[in-house]
Amino acid sequence: QAQLVESGGGSVQAGGSLRLSCAASRTIFSGYTMAWYRQAPGKERELVAEISSFGRTNYADFVLGRLTISRDTAKNTVWLQMNSLKPDDTAVYYCRASRGIYGNYWGQGTQVTVSS
């Protein structure tokens, strides 16, 4: 069964760091673009960063060099390293795997809370 499982969320103070992980079942990792989205209370879900199966990355403007997405095909895992966190980064972070007509999958989300 295809699934994505996120972990690594938590509560930190502003300026702190967190590393989110998303473990994917084998059937939905190879060849898929992996991405992190986030959704803050009362706001729409928005793209944070994505990485193609070839390793090409794309970041939202608000990332400003603070966040880094990476993936390891051997481990079927994608990470989001988040540094210099701000209260505005508080949100539920979701992992997504997409590959055109072949599939589009979401994880259950992991909460990130940044206090000032």
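Here, each number is a calculation from the coordinates, and none is a lab measurement. All values derive from a computational prediction rather than experimental measurement. As a convention, Cβ positions derive from the backbone with ideal geometry for all residues, glycine included, and neighbour counts pool all protein chains shown.
Computed extension length for Gln108-Asn58: 15.8 nm, one decimal, from 0.36 nm per residue of separation with the Cα-Cα distance subtracted. Can you give the log10 of the normalised intensity I(q)/I(0) at q = 0.10 Å⁻¹, computed with Debye over equal Cα scatterers of the chain? With one equal scatterer per Cα and no solvent, log10 I(q)/I(0) is -0.26. Treating r as the C-beta distance of Leu47 and Ser116 and R0 as 25 Å, the FRET efficiency rounds to 0.50. Note on the stretch 5-58: Cα-only Rg and Dmax are 13.2, 37 Å. The charge dipole of the stretch 15-94, taken about its Cα centre with unit charges on the Cβ of Lys, Arg, Asp and Glu (plus for the first two, minus for the last two), comes to roughly 240 debye.
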